[in-house]
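In what follows, a structure is listed as C-alpha cells, so that the remarks can point back to it.
The values are calculated or read from the model by the stated rules, or taken from the named source; none is laboratory data. As the structure is a computational prediction, the values presented were derived from the model and not from experiment. A quick note on method: Cβ atoms are made from the backbone with ideal geometry, for glycine too, and the neighbour counts reach across all protein chains shown.
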C-alpha cells in the first residue's frame, strides 16, 4: 500500500471529527464548560471499559451501547448541575471536573480486574485513528450529519442558551430540558469519537479550533470557518508527521494542535498587537 492509502482514512476521520467538534466547541467555550467534552469522553470510555470487563469486544455494538448509556447519564448530570450551580454558587466546571476524576478512577479500578489493561488504557486515551475502517467512517459521518441536522433545526435555542442565558430565560425557554438535549446529542458524538480517536484527541478537536478562531473574531460564521480550516490543516500535518517519525498518530495530532495554537497566538501578538491587547 502507498503512503496515501495508509494515511487517507485517518485524515478523513480527522475531517469528520473537525466538522462536528468545531461547531460544538463554540457552545462549550461560550458556556464556559471547557472540560465537559473531556468529562463526557471519559464517561464514554468508562462505559466501554465496563463492557470490556463483561466480556464484550471493545469495538462491538454492545460496547457502543454501554458507552452511549453512560454518556446519557452524564448528560443528565450536567443538565441538572447548571441550574443547581447557580443556586449553590458551585461552578459547573467544578462538578464537571469531579465527574471526570471519578470516571477516570473507576475506569482504572475496573481495568485492574481485566487482562491487557495497559493497552486498553493507552487506546482509551489516544485512540488508534490510523486503523479506522471506511465502514466505520461512513457510519460516523452519517451519525454526525444527523446530529448536525438536529442542531440546525434548533440552532436558535441552543445558541441563545449558550451565548445569552439570561435572554433565554426571559423568553421562557426550559433551560434544563434544552441542556439535556444538547448534552445528549453531544453524547452521541463523543461516544463515537472516543472509539475512533481517544479521549485526548477528541478534547483537542473540540477546544483548540474554537479557541484559535476566538483569537480573530467573535462572529459565529467566521469562527466556524477558521476552526474548520485550522482543524483540517493541523490534522493533515499531524497524520503525516506521525508516519514520517513513526509516532502514535493520535498523540502526534494532539501535539500538533498544541504547536499550531502557539504559532497562531504568536502571529496574532506579533502582527495584530492592538487586537491582542
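For (1) touching a residue at least 60 places away in the same chain (Cβ under 8 Å); (2) surrounded by 13 or more Cβ atoms within 10 Å (Cβ to Cβ); (3) out of contact with any strand residue (DSSP E or B) (no Cβ under 9 Å at 6 or more places or on another chain), each residue gets a yes or a no:
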| site | (1), (2), (3) |
| --- | --- |
| 129 | yes, yes, yes |
| 137 | yes, yes, yes |
| 146 | no, no, yes |
| 149 | no, no, yes |
| 154 | no, yes, yes |
| 160 | no, yes, yes |
| 164 | no, yes, yes |
| 167 | no, no, yes |
| 171 | no, no, yes |
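Name the residue that is modelled with the lowest pLDDT, counting only residues in the stretch 183-202 that are surrounded by fewer than 24 Cβ atoms within 10 Å (Cβ to Cβ) and more than 19 Å from residue 61 (Cα to Cα). Looking at residues that are surrounded by fewer than 24 Cβ atoms within 10 Å (Cβ to Cβ) and more than 19 Å from residue 61 (Cα to Cα), I get 200. Could you please let me know if residue 181 is in contact with a helix residue (DSSP H, G or I) (Cβ under 6 Å, 6 or more places away or on another chain), over 20 Å from residue 136 (Cα atoms) and in a helix (DSSP H, G or I)? The answer is no for residue 181.
When you check residue 97 against the structure, is it at pLDDT 85 or above and surrounded by 20 or more Cβ atoms within 10 Å (Cβ to Cβ), yes or no?
The answer is no for residue 97.
Only one entry in 220, 237, 244 is out of contact with any helix residue (DSSP H, G or I) (no Cβ under 8 Å at 6 or more places or on another chain) and more than 30 Å from residue 70 (Cβ to Cβ), namely 244. Just one residue in the set 20, 16, 108, 6 is assigned to a helix (DSSP H, G or I), in contact with a helix residue (DSSP H, G or I) (Cβ under 8 Å, 6 or more places away or on another chain), under 27 Å from residue 243 (Cβ atoms) and at pLDDT below 85; that residue is 6.
Among the residues that make up the stretch 207-229, is at least one of them within 13 Å of residue 41 (Cβ to Cβ), assigned to a helix (DSSP H, G or I) and touching a residue at least 24 places away in the same chain (Cβ under 8 Å)? Yes, the stretch 207-229 has at least one match. Check residue 62 against each of (1) more than 18 Å from the chain's Cα centre (by Cα); (2) at pLDDT below 85 and name the one condition it does not meet. Of everything listed in (1) more than 18 Å from the chain's Cα centre (by Cα); (2) at pLDDT below 85, residue 62 misses just condition (2).
For the residues 60, 14, the requirement of being buried (at least 18 other Cβ atoms within 10 Å of the Cβ) and farther than 23 Å from residue 157 by Cα singles out 14. Scanning the stretch 206-230 for residues that are under 18 Å from residue 145 (Cα atoms) and at pLDDT below 90 turns up just one, 206. When 67, 81, 85 are checked against the criterion of being in a helix (DSSP H, G or I), at pLDDT below 85 and crowded, with 18+ Cβ neighbours inside 10 Å, a single residue qualifies: 81.
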